[in-house]
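**Q** Next up is a structure, given as structure tokens.
The values are calculated or read from the model by the stated rules, or taken from the named source; none is laboratory data. Note that the coordinates shown come from a computational prediction; the quantities given were computed from them, not determined experimentally. Cβ sites come from the backbone with ideal geometry, for glycine too, and all protein chains shown count toward neighbours.
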Amino acid sequence: MLQLLFTCLSVDNFLCYNFVMSKISYVDILPAIEASFYLYLTMLDRFTAPHIGMKKTFFSRKSVKGLTAKSLLPQIASAWNALTPTQKTAWTTAGVQRSLNGYRLFVADMSARIKNGLSGVVIPSLLHQSWFGRLKISAPAYEIKIAQLHPQFYWISRAVPGKKGQREPVKVTEDFSLPLVLSLNYRSELFYSAGDTGIYGDKIYASSYYGDETDVSDAFSKFYADVWYSYQGKNLHSFLEIPLVPGSDWINALATLSSLETIVVGYTLYFHLYKMVGDLYIDNVKATHSGQNWVRDTYCEDLYQTFSKAFYQIPDHWAPVILPSGAEYDSVYEDF
């Protein structure tokens with residue numbers, strides 16, 4: 001019994017040390033470089049998570065010239081200058097979708113192409129630009145669901161101007177007024193989880209990953225909003241959905257919610273794919289109400305961003321709700 005008691009105390013001390021106590025480490029600095037070492041260190045984030053980091057330094061003109069020579073800009077600028085006026089106009093037209101001029105959109109797209117080992121210049125599209133989101137399902141998974149929360153208000157952390165390392169909480173309020181308009185551009189390379197084809201609503205059976213017969217008549221892929229509102233003391237939900245048709249090339253889709261009985265408390269956006277496998281590509285995702293778009297990461301440049309230093313109360317972009325082995329989502333660049 002006494003040995004068991006000592007064992008429990010040892011385990012408790014171990015857990016206390018690893019989960020409660022602060023961790024301190026040290027390095028030995030040679031006397032010859034000690035002054036230079038401390039010269040480039042500074043205190044960071046003194047209020048939330050104090051720590052030491054490297055100072056931000058300004059580059060000299062000579063250093064900037066060297067960085068520019070090593071960057072992608074000279075190569076991209078040369079490719080831009082080789083375009084015809086008609087091609088530049090096409091880039092300018094596509095840039096309107098992202099509030100960018102033609103050159104800036106071209107730089108963003110070419111940088112992604114070069115980093116992904118792709119050559120040549122792509123023809124600009126009005127439906128997708130540069131990076132876009134991808135939801136991927138492969139066996140044994142047959143479902144994925146991700147969400148973006150939009151409560152009536154939430155708090156974020158913002159850097160205080162002029163106060164190095166200091167941050168302050170800021171309240172963000174989504175004043176909700178109808179109509180609510182959902183829209184997105186998407187390309188669906190999805191098919192039923194057994195590789196079969198069919199029409200929604202029909203009774204469809206196909207061989208599953210495990211070899212048995214699986215009913216896929218209830219399979220679906222959709223983008224929707226779960227709108228939470230209160231009416232006569234009851235918490236109610238209204239759903240606004242956009243079905244994502246399997247086997248579709250890039251297409252725009254939208255849906256509108258025009259009226260509800262009372263005031264909206266909040267809403268959550270979802271992408272939900274069920275009994276499907278393959279890839280779903282998304283871009284320009286919007287939820288517009290009160291005269292503005294409230295989707296965070298509309299252009300799907302960082303789809304997998306969840307909690308961060310700024311967004312500590314709700315996930316920044318899209319958070320996984322159902323993400324089994326074989327399912328994944330992220331921002332990608334592919335040559336269509």
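**Q** Here are F311, F307: which of them is within 16 Å of the chain's Cα centre (by Cα) and exposed (fewer than 15 other Cβ atoms within 10 Å of the Cβ)? Don't jump to the end; show me each part of the working.
**A** Details: F311 fails: exposed (fewer than 15 other Cβ atoms within 10 Å of the Cβ).
Every option except F307 fails the conditions.
**Q** Only one residue in G117, G133 is of a type in the set (G, A, S), within 21 Å of M276 (Cα to Cα) and not in a helix (DSSP H, G or I), so which one is that? So that I can check it myself, show each step before the final result.
**A** Numbers: G117 fails: within 21 Å of M276 (Cα to Cα).
Of the residues listed, the single one that is of a type in the set (G, A, S), within 21 Å of M276 (Cα to Cα) and not in a helix (DSSP H, G or I) is G133.
**Q** While we're on this one: Against the conditions (1) closer than 19 Å to Y192 by Cβ; (2) surrounded by fewer than 17 Cβ atoms within 10 Å (Cβ to Cβ); (3) over 19 Å from the mean Cα position of the chain (by Cα), where does S259 fall short? Just the number, please.
**A** Every condition holds for S259 apart from (1).
**Q** For the stretch 214-295, which fully contained strands (runs of 3 or more DSSP E) count at least 1 residues that are free of Cβ contacts under 8 Å to residues at least 40 places away in the same chain?
**A** Values: elements: 220-231, 234-243, 251-257, 264-274, 276-289.
Once the strands (runs of 3 or more DSSP E) in the stretch 214-295 are filtered for at least 1 residues that are free of Cβ contacts under 8 Å to residues at least 40 places away in the same chain, what remains is 220-231, 234-243.
**Q** Find the residue count for the stretch 316-336, including only residues that are within 11 Å of the chain's Cα centre (by Cα) and at pLDDT below 90.
**A** 1
**Q** Right, V285: modelled with pLDDT under 95, assigned by TED's automatic domain parsing to the domain that holds S221 and surrounded by 16 or more Cβ atoms within 10 Å (Cβ to Cβ) or not?
**A** Details: modelled with pLDDT under 95: no; assigned by TED's automatic domain parsing to the domain that holds S221: yes; surrounded by 16 or more Cβ atoms within 10 Å (Cβ to Cβ): yes.
For V285, the condition - modelled with pLDDT under 95, assigned by TED's automatic domain parsing to the domain that holds S221 and surrounded by 16 or more Cβ atoms within 10 Å (Cβ to Cβ) - is not met.
**Q** Kindly list, by first and then second residue, each pair from a residue in the stretch 91-103 that is in contact (Cβ under 8 Å) with a residue 12 or more places away in the chain to a residue that is surrounded by fewer than 19 Cβ atoms within 10 Å (Cβ to Cβ) and charged (D, E, K, R), limited to pairs with Cβ atoms under 9 Å and residues at least 6 apart or on different chains.
**A** G95/R104; R98/R104; G102/K88; Y103/K88
Every residue, every condition in (1) crowded, with 16+ Cβ neighbours inside 10 Å; (2) closer than 30 Å to Y229 by Cβ; (3) in the same structural domain as H272 (by TED's automatic domain parsing), yes or no:
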{"position": "M110", "(1), (2), (3)": "yes, no, no"}
{"position": "R113", "(1), (2), (3)": "yes, no, no"}
{"position": "P140", "(1), (2), (3)": "no, no, yes"}
{"position": "E143", "(1), (2), (3)": "yes, yes, yes"}
{"position": "P151", "(1), (2), (3)": "no, yes, yes"}
{"position": "I156", "(1), (2), (3)": "yes, yes, yes"}
{"position": "F176", "(1), (2), (3)": "yes, yes, yes"}
